[in-house]
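What follows is a structure written as structure tokens; I'll ask about it next.
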Amino acid sequence: MTTMTIDTTMFESLHKQEAWKYTNVSAIAKIDFASTGSEVSAETISGYDLAKENPLVVFVNGTFNGDASRLVDGVEINAGKNGTVAARGDSFIPRGESDSLTITGSQKKTIHVLQLITGDSPVACYGNVMIYASQSETISVAETHVAFGEPSHVFMPCTEIVAEKDSNVSLVRSIRGSVMAYHLGSLHVCQHEHSTVQTHTITLGGKLIRNEVYAYLDGEYCESNFDGMYMLGQDQHVDNHLRVEHNEPHGNSREFYKGVLDKNAKSVFTGRIYVKQDAQQTDAKQTNQNILLSDKAEATARPQLEIYADDVKCTHGATTGEIDDEALLYLRSRAIPADSAQTLLIYAFLNESLDDLAEDGFRTALVDDLLANLPGGDFIRNL
């Protein structure tokens, strides 16, 4: 199994760019990457196969694993259709070669894309996924990214979405696994008239995570929802960076990110809503909310509006605080132990980010991961 080589010198000074001001990835330049990774057992893959009746596409260190996958019509490997939307963005995350995935046509079931990164020594690899919904088609995709072990793996996935007129695309991305891994991912979205795109980015693992979203609403009456949820501790760092461009009238967009940070964890949220002069009657809202469980945890929020139209409704806001003492006291007065009471409040805070997800194996796995990282999680399971 061959992994991709990368030029790591760019990471040395990337934090000098304004967009990377609060996220320093220079340590990547010092990592000695292996030329090959490790195989993953069928048993391990089965443990992450969250919906065994659904299509499954498995990649290990950027290489397609056909034996473990279940392909259907409209799911193609190395079809050569990737890169058209990503070329519009100004991301500094490098894009490189890997086995690529293209998803087209209306799909009856959610397609699960499983990206596994593993090796006894650090591995650097890419991922390339294109979701193309033609007119009136509906596509639902769930991506799971998992890095294994102690090495400082680096995974750089790029997902692109093209939503043609009247189409509907839903994407859930979950980042899990080793607290030593680096995850530098980008999502690029192009929407046309009357299309709907809804994405959820769930971050529950990794040492340093950068999630970028570049969205272009190129048609009238587009509906866009970009949601995110993160829960980190130790010395983990997450940076959610979004730019949503309203290029035509009557577009609606929502960016809603919520996070809980413990110990020395840090989060950065940078969101920019850009409204062109002709994009009248745009309705856009941007929100970032954080709860800090430690005096050493930090949350930095930079919501931004850049508006050139005069008939719009655009808002942005950010809040950072601690657990509500009155709510905690109320639960304690009902004979709920302290850890369980705090867990209940955290779960209620974060669960809002999962409300729109379908009740299926993917949502169940995300909730299980969330509760596993919370003290007193079994209390909620038993409710």
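FYI, it's all coordinate maths here, none of it is from the lab. Model, not experiment: these values are computed from the prediction. Note that we place each Cβ from the backbone using ideal geometry, even for glycine, and neighbour counts take in every protein chain shown.
Helix-only estimate, please: 222 nm mean residue ellipticity of the chain, summing -39500 (n - 2.57) across DSSP H runs of length 4 or more and dividing by its residues, to the nearest 500.
Working: 5 runs with 46 residues, N = 383.
-3500 deg cm²/dmol, from helical runs alone.
Which value in Å is the Kirkwood Rh of the chain over different Cα pairs?
On the way: mean 1/r = 0.0470 Å⁻¹.
With all distinct Cα pairs of the chain included, I get 21.3 Å.
Given the peptides 230-237, 241-248, 124-131, arrange them by the average over their residues of other C-beta atoms within 10 Å, most packed first.
On the way: 230-237: 20.5, 241-248: 22.8, 124-131: 25.2.
Listed from highest to lowest mean packing, they are 124-131, 241-248, 230-237.
If packing is taken as the average number of other Cβ atoms within 10 Å across a peptide's residues, how do 162-174, 365-377 rank, most packed first?
Working: 162-174: 21.8, 365-377: 17.5.
Those peptides, ordered most packed to least, come out 162-174, 365-377.
Here is a further query. Assign unit charges at the C-beta atoms only (+1 for Lys and Arg, -1 for Asp and Glu), then state the dipole size of the range 324-383 relative to its Cα centre in Debye, rounded to the nearest 20. If you can, show how the numbers build up before the last one.
On the way: 4 positive and 12 negative charges, 62 e Å.
The calculation lands at about 300 debye.
May I pose another question? Across every pair of different alpha-carbon atoms, what Kirkwood hydrodynamic radius in Å does the range 1-80 reach?
Result for the range 1-80, one decimal place: 15.8 Å.
With a 10 Å Cβ neighbour count serving as the proxy for reagent exposure, in which order, fewest first, do Ser136, Ser41, Ser178 appear?
On the way: Ser136 13, Ser41 10, Ser178 20.
Result, fewest neighbours first: Ser41, Ser136, Ser178.
Packing-wise, with mean Cβ within 10 Å as the measure, how do 330-339, 264-273, 77-86, 218-227 rank, highest first?
Working: 330-339: 12.2, 264-273: 22.0, 77-86: 15.4, 218-227: 20.2.
The peptides rank, most packed first, as 264-273, 218-227, 77-86, 330-339.
Still on this structure, I have one more. Can you pick out the pairs among Lys207/Lys276; Lys165/Lys207; Lys16/Lys258; Lys16/Lys276 whose Cα atoms lie more than 30 Å from each other?
Working: Lys207/Lys276 37 Å; Lys165/Lys207 39 Å; Lys16/Lys258 27 Å; Lys16/Lys276 28 Å.
With Cα atoms farther than 30 Å apart: Lys207/Lys276; Lys165/Lys207.
List Val113, Val123 from most exposed to least, where exposure is judged by having the fewest other Cβ atoms within 10 Å.
Values: Val113 25, Val123 30.
Final ranking by Cβ density, sparse to dense: Val113, Val123.
Convert each backbone phi in the range 292-303 into a coupling constant with the Karplus relation 6.51 cos²θ - 1.76 cosθ + 1.60 (shift: θ = phi - 60°), then list the ³J(HN,Hα) values in order as whole Hz, x for Gly and Pro.
Residue by residue, the range 292-303 yields 9, 9, 9, 5, 9, 6, 9, 10, 10, 10, 9, x Hz.
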